[in-house]
Amino acid sequence: MGGKGTDFQLPEDHADERELLLHWLAYLRGAVLRNIRGLGEEDAHRRPDGHLLPLAGIVNHLIGVERRWIDGGMLGGPIYRGEEEFFPGPELSVESLVAAYGDRAVATDHIVRSLPLDAPSGRREGTTLRWVLLHLINETARHAGHADAVRELLDGATGE
């Protein structure tokens with residue numbers, strides 16, 4: 001079986017809680033991206049056996065998750081999620097999704113660094129930016145595992 005590569009390294013511990021959380025989020029984003037990189041467009045949009053989400057849908061969904069929780073939940077912007085987010089059409093290429101996820105990561109990280117960790121979230125009462133970051137880490141980790149399974153079913157590639 002071919003692997004997706006081992007160009008990853010667990011995040012280092014960090015005395016600054018915000019940076020530690022952002023390093024873990026970045027690590028997990030990388031785990032997701034390692035699964036879609038190197039795939040052809042057809043495979044990136046395919047659901048193995050018609051069951052799991054396509055890798056393009058996983059990446060597109062995670063972009064939406066960060067936008068909803070950071071721009072919506074923390075900054076008060078609009079919050080929308082439709083089922084089409086999980087099944088993007090071929091107009092969203094692997095290259096464009098990878099670039100958009102990178103852009104979203106930069107925006108998320110910038111906003112997170114501009115607010116205190118105990119800033120309240122307007123999306124869910126009683127939650128803070130710290131909680132939102134932990135939620136993003138959880139959501140991204142769950143979908144990174146999902147992406148591992150999809151990639152293995154598509155072409156046998158396994159990774160970490």
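The values are calculated or read from the model by the stated rules, or taken from the named source; none is laboratory data. This is a predicted model, so every value here is computed, not measured. Here the Cβ positions follow ideal geometry from the backbone for every residue, glycine too, while neighbour counts run over all protein chains shown.
Tell me the residue from GLY82, GLY72, GLY156 that is farther than 16 Å from LEU21 by Cα and more than 18 Å from the chain's Cα centre (by Cα), please.
Of GLY82, GLY72, GLY156, the one residue that is farther than 16 Å from LEU21 by Cα and more than 18 Å from the chain's Cα centre (by Cα) is GLY156.
What residue, of LEU115, LEU153, LEU136, is in contact with a Phe, Trp or Tyr (Cβ under 9 Å, 6 or more places away or on another chain) and of a type in the set (A, V, I, L, M)? Spell out the reasoning first.
Details: LEU115 fails: in contact with a Phe, Trp or Tyr (Cβ under 9 Å, 6 or more places away or on another chain); LEU153 fails: in contact with a Phe, Trp or Tyr (Cβ under 9 Å, 6 or more places away or on another chain).
Answer to the selection: LEU136.
Checking GLU66 against (1) over 16 Å from the mean Cα position of the chain (by Cα); (2) over 21 Å from ALA149 (Cα atoms), which single condition isn't satisfied?
(1)
Taking the stretch 124-144, which residues are within 11 Å of the chain's Cα centre (by Cα) and either crowded, with 20+ Cβ neighbours inside 10 Å or of a type outside the set (Lys, Arg) (or both)? First the steps, then the outcome.
So in the stretch 124-144, the residues within 11 Å of the chain's Cα centre (by Cα) come out as 136-144.
Once the filter is applied, which keeps residues that are within 11 Å of the chain's Cα centre (by Cα) and either crowded, with 20+ Cβ neighbours inside 10 Å or of a type outside the set (Lys, Arg) (or both), the stretch 124-144 yields LEU136, ILE137, ASN138, GLU139, THR140, ALA141, HIS143, ALA144.
So the check is Cβ under 7 Å with 6+ separation or different chains; which pairs have a first residue in the stretch 79-104 that's at negative phi and a second one that's assigned to a loop (DSSP other than H, G, I, E, B) and among the basic types (Lys, Arg)?
Once the first residue is at negative phi and sits in the stretch 79-104, its partners that are assigned to a loop (DSSP other than H, G, I, E, B) and among the basic types (Lys, Arg) give ILE79/ARG123; VAL98/ARG37.
It is to be established whether one or more residues within the stretch 139-158 are at pLDDT 95 or above, farther than 25 Å from HIS45 by Cβ, charged (D, E, K, R) and in a helix (DSSP H, G or I).
No, the stretch 139-158 has no match at all.
Looking only at the stretch 122-138, filter to residues that are assigned to a helix (DSSP H, G or I) and not hydrophobic (A, V, I, L, M, F, W, C); which one of those is farthest from ARG81 (Cα to Cα)? If you could, list the steps in order and put the result at the bottom.
First, the residues of the stretch 122-138 that are assigned to a helix (DSSP H, G or I): 129-138.
Checking which are not hydrophobic (A, V, I, L, M, F, W, C) leaves us with 130, 135, 138.
Working: ARG130: 22, HIS135: 17, ASN138: 18 Å.
Selected residue: ARG130.
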